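Peer 1: Structure in structure tokens, see below.
The values are calculated or read from the model by the stated rules, or taken from the named source; none is laboratory data. Keep in mind that this is a model prediction, so the values were computed, not measured. Positions of Cβ are generated from backbone atoms using ideal geometry, with glycine treated the same way; all protein chains shown enter the neighbour counts.
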């Protein structure tokens, strides 16, 4: 999402008279592996509101009225410039509670995907993209609950 959390906050402020609680947002990270079994991660820009300079799975927030799978594909392309085909949606939902790094409450619904067009490159909210071996990721601290997602989904052991 190009406007990031500011976009979400502005939408919420318009609805605030109707709702008395803060919104919970939905994130759709995508797990993409290459033929070597490496996992694609993106490094968030230094000026990001949440988790600046952290590595994470490509993905982002679902826009109002948008399907989960469409949001996942759109966010992947915005952040990497490559197009992805959705292989499957995880049956798990991961919760992110407000912290000093995230500042908001979100539910993450991961997808598994395969690149069908293009070569991933840093774009939009991402300063770098790179393929990592699962053993490397195991030692990293990723943004949001992405470490937990990769572990529980059986991608990183």
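Peer 1: On the basis of being surrounded by 13 or more Cβ atoms within 10 Å (Cβ to Cβ) and in a loop (DSSP other than H, G, I, E, B), does residue 84 make the cut?
Peer 2: No, not satisfied.
Peer 1: Among the strands (runs of 3 or more DSSP E) confined wholly to the stretch 95-157, which include 3 or more residues that are at pLDDT 95 or above?
Peer 2: 111-117, 126-132
Peer 1: When only residues in the stretch 46-71 that are within 20 Å of residue 136 (Cα to Cα) and buried (at least 17 other Cβ atoms within 10 Å of the Cβ) count, which is modelled with the lowest pLDDT?
Peer 2: Of everything passing the filter in the stretch 46-71, 51 is modelled with the lowest pLDDT.
Peer 1: Within the set of pairs 6 or more residues apart or between chains, which connect a residue that is free of Cβ contacts under 8 Å to residues at least 60 places away in the same chain and on the phi < 0 side of the Ramachandran plot inside the stretch 135-156 to a residue that is surrounded by fewer than 16 Cβ atoms within 10 Å (Cβ to Cβ) and assigned to a loop (DSSP other than H, G, I, E, B) with Cβ atoms less than 8 Å apart?
Peer 2: These pairs meet every condition: 138/157; 147/140; 147/141; 151/157.
Peer 1: If you don't mind, another one. Which of the residues spanning the stretch 86-103 are in contact with a strand residue (DSSP E or B) (Cβ under 6 Å, 6 or more places away or on another chain) and over 18 Å from residue 152 (Cα atoms)?
Peer 2: 86, 102
Peer 1: Take the residues of the stretch 54-81 that are without any contact (Cβ under 8 Å) to a residue 60 or more places away in the chain and in a loop (DSSP other than H, G, I, E, B): which is nearest to residue 154 (Cα to Cα)?
Peer 2: Looking at residues that are without any contact (Cβ under 8 Å) to a residue 60 or more places away in the chain and in a loop (DSSP other than H, G, I, E, B), I get 59.
Peer 1: Being in a loop (DSSP other than H, G, I, E, B) and modelled with pLDDT under 95 is the filter here, so list the residues in the stretch 21-34 that pass it.
Peer 2: Start the filter on the stretch 21-34 by keeping residues that are in a loop (DSSP other than H, G, I, E, B), which leaves 21-24, 28-29, 34.
Result: 21, 22, 23, 24.
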